[in-house]
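Only one structure is covered here, and it is reproduced in the block below.
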Amino acid sequence: KPPGREAEKDGIYGEFKSKEGTVVVGTIQKHEGRHYLVNLGRIEAILPPSEQIPNEEFTVKQVVKVYVLECKQTPKGPLIHVSRTHPGLLRYLFAQEVPEIGDGIIEITGVSRDPGKRAKVAVRSNDSSVGAVGTCVGHMGQRIQAIMREIANERIDIIEWSDNPKTYINNSLKPAKLSNVITISDEDREAIVVVAEDQL
């Protein structure tokens, strides 16, 4: 193979290897079986079924944001896998939509997703005059709605983080009202929570 071609492949591999764990914008190139091929400019990436939001469908030439899972070197050249379900995509969308996150005023302490159904994002404010949850929701819910639109209207609960595990668990399970948080295992990061029948 011409050395120029190999150098180009190495260049693409280096570029996208450095983008692992970040979000890039691509265009849907084609649909092959249940896989989508996403054009990232210099190369196509694969969006496999396991990394797709359930029931989310794209059309050719549609612009899409994807999380770069991994870039592997293969005999045929770089192979890139991307995701729409990774919590990192949600972190990125929040940082894009909420300037206070970039400024360090608000911090995302945790993200959990059941893709296509619901996500929970824990936030805390480093400025007592700024409310973390309200700031992320935005005026009339504009910020949170913009983020939801990007991920097929997956429902997002924003939770106030607390360094007190019982308070944090209470916050994270709202709107359910908890009767009690009985035991917390720091080692297993597990808790037993009691709720009334009508709160299940």
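The values are calculated or read from the model by the stated rules, or taken from the named source; none is laboratory data. Just so we're clear, the structure is a prediction, and the values are computed from it rather than from any experiment. Here Cβ is always computed from backbone atoms with ideal geometry, including for glycine, and neighbour counts include all displayed protein chains. Quick note on the areas: whole protein, heavy atoms, side chains included, nothing else; ligands and nucleic acids left out. Shrake-Rupley method; radii C 1.70, N 1.55, O 1.52, S 1.80 Å.
Under 6 Å between Cβ atoms, at least 6 apart or on separate chains: pull out the pairs that start in segment 39-66 with a residue that is over 19 Å from ASN153 (Cβ atoms) and of a type outside the set (D, E, K, R) and end on any residue that is exposed (fewer than 12 other Cβ atoms within 10 Å of the Cβ) and at pLDDT below 95.
PRO49/ARG34
For segment 40-52, which residues satisfy the criterion of being surrounded by fewer than 16 Cβ atoms within 10 Å (Cβ to Cβ) and either in contact with a strand residue (DSSP E or B) (Cβ under 9 Å, 6 or more places away or on another chain) or more than 21 Å from LYS17 (Cβ to Cβ) (or both)?
Our first condition is that a residue be surrounded by fewer than 16 Cβ atoms within 10 Å (Cβ to Cβ); within segment 40-52, this holds for 41-42, 46, 48-50.
Scanning segment 40-52 gives GLY41, ILE46, PRO48, PRO49, SER50.
Quick test of your reading of the structure: TYR67 fulfils all but one of (1) within 19 Å of the chain's Cα centre (by Cα); (2) in a helix (DSSP H, G or I). Name the failing condition by number.
(2)
Which of the following residues is without any contact (Cβ under 8 Å) to a residue 60 or more places away in the chain and open to solvent by 50 Å² or more (accessible area, probe 1.4 Å): THR167, THR135?
Values: THR135 fails: open to solvent by 50 Å² or more (accessible area, probe 1.4 Å).
Exactly one residue qualifies, and that residue is THR167.
Taking GLN62, is it closer than 13 Å to CYS136 by Cα and among the polar types (S, T, N, Q)? Even if it seems obvious, please write down each step before you answer.
Numbers: closer than 13 Å to CYS136 by Cα: no; among the polar types (S, T, N, Q): yes.
In short, no.
Name every residue in segment 170-184 that is open to solvent by less than 40 Å² (accessible area, probe 1.4 Å) and out of contact with any helix residue (DSSP H, G or I) (no Cβ under 7 Å at 6 or more places or on another chain), in order of residue number. Steps first, please.
First, pick out the residues of segment 170-184 that are open to solvent by less than 40 Å² (accessible area, probe 1.4 Å): 171-172, 176, 178, 181.
ASN171, SER172 - these are the residues of segment 170-184 that are open to solvent by less than 40 Å² (accessible area, probe 1.4 Å) and out of contact with any helix residue (DSSP H, G or I) (no Cβ under 7 Å at 6 or more places or on another chain).
Is it fair to say GLY14 is farther than 30 Å from LYS117 by Cα and part of a loop (DSSP other than H, G, I, E, B)?
On the way: farther than 30 Å from LYS117 by Cα: yes; part of a loop (DSSP other than H, G, I, E, B): no.
No.
Run down ARG155, ARG124 and say which single residue is surrounded by 13 or more Cβ atoms within 10 Å (Cβ to Cβ) and closer than 27 Å to PHE58 by Cβ.
On the way: ARG124 fails: closer than 27 Å to PHE58 by Cβ.
Going through ARG155, ARG124 in turn, just one is surrounded by 13 or more Cβ atoms within 10 Å (Cβ to Cβ) and closer than 27 Å to PHE58 by Cβ: ARG155.
Looking at (1) open to solvent by less than 60 Å² (accessible area, probe 1.4 Å); (2) over 18 Å from the mean Cα position of the chain (by Cα), which one does SER83 not meet, given that it meets all the others?
Tallying (1) open to solvent by less than 60 Å² (accessible area, probe 1.4 Å); (2) over 18 Å from the mean Cα position of the chain (by Cα), SER83 fails exactly one: (2).
In segment 149-166, which residues are in a helix (DSSP H, G or I) and under 27 Å from ASN180 (Cα atoms)?
Here is the first cut: in segment 149-166, the ones in a helix (DSSP H, G or I) are 149-150, 165-166.
PRO165, LYS166, listed by residue number.
Being open to solvent by 20 Å² or more (accessible area, probe 1.4 Å) and either assigned to a strand (DSSP E or B) or small (Gly, Ala, Ser) (or both) narrows it down to one of GLU20, GLU57, GLU107, so name that one. Show your work before the answer.
Values: GLU20 fails: either assigned to a strand (DSSP E or B) or small (Gly, Ala, Ser) (or both); GLU57 fails: either assigned to a strand (DSSP E or B) or small (Gly, Ala, Ser) (or both).
After ruling out the rest, the residue left standing is GLU107.
If I filter segment 136-148 for residues that are under 26 Å from ASN164 (Cα atoms), among the β-branched types (Val, Ile, Thr) and not in a helix (DSSP H, G or I), do I get at least one hit?
No, segment 136-148 contains no residue that is under 26 Å from ASN164 (Cα atoms), among the β-branched types (Val, Ile, Thr) and not in a helix (DSSP H, G or I).
What number of residues within segment 118-135 are part of a loop (DSSP other than H, G, I, E, B) and not charged (D, E, K, R)?
So the count comes out to 5.
Could you grab the pairs with beta carbons closer than 6 Å, sequence gap of 6+ or different chains, first residue in segment 21-32 and on the phi > 0 side of the Ramachandran plot and in contact (Cβ under 8 Å) with a residue 12 or more places away in the chain, second one assigned to a loop (DSSP other than H, G, I, E, B) and basic (Lys, Arg)?
Listed pairs, sorted by first residue: none to list.
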